[in-house]
Amino acid sequence: MHDMAIDTSLAAELRGLDALDTPLERPAVAGRLWSQLWPKLAAIAIFVGMWQIVVWMGLKPRYVLPGPATAFGEFAHQLTQSSFWHATGVTVTRGIIGFLIASVIGLALGVAVARFGVLRAAIGSLITGLQTMPSIAWFPLAILLFQLSEAAILFVILIGAVPSIANGVISGVDYVPTTLVRAGRNIGARGLALYRHVILPAALPSIVSGLKQGWAFAWRSLLAGELIVAIANRPSLGAFLANSRELGEPSYMLALMIAILLIGVIVDSAFSAADVRMRRRRGVGGLTS
């Protein structure tokens with residue numbers, strides 16, 4: 001009887017160990033989407049509510065600060081206008097092209113600075129210094145060098161985004177565990193192979209964060225450029241925004257600002273989704289994912 005009790009207890013423990021290999025049930029897709037969506041909706045509702053309260057208080061006349069209903073109504077109207085979509089396409093295309101070029105330059109620069117001590121000593125602090133400069137400060141030089149052209153806007157986008165991306169790479173490489181680097185060397189990885197197969201994959205979370213921050217800088221620099229640099233036959237959201245201010249159309253101006261904000265939120269959500277998936281694959285999903 002005693003042996004039978006031991007066997008039963010052992011079998012129960014083994015079943016418990018086997019259960020550790022059973023994958024946890026993941027919530028339904030709709031539940032995951034809602035868990036990601038409702039905080040954003042709540043934040044928007046709070047912001048719109050505060051906006052409406054300010055309007056009701058009459059701190060500014062309605063022709064200066066229209067209410068949310070007026071602004072969102074104008075935004076809905078703009079969605080039916082081909083000129084709005086054309087301008088949005090121009091702005092988004094500029095942003096994507098600038099960000100892709102900045103990504104290539106920033107990634108290469110970050111790897112070079114992280115790998116070679118001479119470069120780090122020479123330009124490491126300069127990269128951080130460039131990141132702290134407001135993008136608007138570069139436009140006088142950009143216009144002087146490239147006049148009112150696409151190149152002037154691209155120049156400022158790169159100046160704004162490249163340092164952020166490069167710093168993300170440098171920071172990620174600096175925090176790669178030395179034990180991981182030693183393990184890579186023990187299996188024969190040297191030089192570029194060590195960076196390609198060991199260091200850069202380990203630094204990927206910081207690199208993604210740098211890319212996300214680089215997009216934020218690129219987007220802000222782009223809109224600042226479009227407010228200043230108006231190019232003939234190239235309508236853009238920034239140019240329309242400047243025109244709405246000059247023509248005294250605050251509802252149109254707010255509608256354009258809503259569109260710019262939505263684009264930023266959509267891109268940020270894409271980066272956040274990639275970051276969450278990457279953390280889950282690495283087993284560091286955290287409490288919020």
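Tell me whether the stretch 197-207 contains one or more residues that are modelled with pLDDT of 75 or more, within 24 Å of residue 128 (Cβ to Cβ), in contact with a Ser or Thr (Cβ under 9 Å, 6 or more places away or on another chain) and not in a helix (DSSP H, G or I).
yes
Could you name every one of the helices (runs of 4 or more DSSP H) located completely within the stretch 92-194 that has at least 2 residues being in contact (Cβ under 8 Å) with a residue 60 or more places away in the chain?
Output list reads 139-146, 150-174.
Residue-by-condition table, conditions (1) under 19 Å from the mean Cα position of the chain (by Cα); (2) closer than 22 Å to residue 98 by Cα; (3) of a type outside the set (Val, Ile, Thr):
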site: 127; (1), (2), (3): no, yes, no
site: 131; (1), (2), (3): yes, yes, yes
site: 141; (1), (2), (3): no, yes, yes
site: 151; (1), (2), (3): no, yes, yes
site: 155; (1), (2), (3): no, yes, yes
site: 158; (1), (2), (3): yes, yes, yes
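Which one of 243, 233 is in a loop (DSSP other than H, G, I, E, B) and either free of Cβ contacts under 8 Å to residues at least 12 places away in the same chain or touching a helix residue (DSSP H, G or I) at 6+ places or on another chain (Cβ under 7 Å) (or both)?
That would be 233, the only listed residue that is in a loop (DSSP other than H, G, I, E, B) and either free of Cβ contacts under 8 Å to residues at least 12 places away in the same chain or touching a helix residue (DSSP H, G or I) at 6+ places or on another chain (Cβ under 7 Å) (or both).
Which of the numbered conditions does residue 58 fail, given that it passes all the others? Conditions: (1) crowded, with 16+ Cβ neighbours inside 10 Å; (2) more than 22 Å from residue 223 (Cα to Cα); (3) of a type outside the set (A, V, I, L, M).
Only one criterion is unmet by residue 58, namely (1).
Under 9 Å between Cβ atoms, which residue pairs at least 6 apart in sequence (or on different chains) link something in the stretch 43-67 that is modelled with pLDDT of 80 or more with a partner that is loosely packed, with under 10 Cβ neighbours inside 10 Å and in a helix (DSSP H, G or I)?
Going by the 9 Å Cβ cut-off, the qualifying pairs are 67/56.
Evaluate the following for residue 216: is it farther than 30 Å from residue 117 by Cα and at pLDDT 85 or above?
no
Among the listed residues 222, 256, 287, 227, identify the single one that is at pLDDT 80 or above, surrounded by fewer than 22 Cβ atoms within 10 Å (Cβ to Cβ), of a type in the set (A, V, I, L, M, F, W, C) and over 21 Å from residue 176 (Cβ atoms).
Going through 222, 256, 287, 227 in turn, just one is at pLDDT 80 or above, surrounded by fewer than 22 Cβ atoms within 10 Å (Cβ to Cβ), of a type in the set (A, V, I, L, M, F, W, C) and over 21 Å from residue 176 (Cβ atoms): 227.
Are any residues in the stretch 226-244 under 28 Å from residue 40 (Cβ atoms) and not aliphatic (A, V, I, L, M), and if so, which ones?
Scanning the stretch 226-244 gives 226, 236, 238, 240, 244.
The values are calculated or read from the model by the stated rules, or taken from the named source; none is laboratory data. Because the structure is predicted, anything quoted here is derived from the model rather than measured. Using ideal geometry, Cβ is built from the backbone for each residue, glycine included, and neighbour counts are taken over all protein chains shown.
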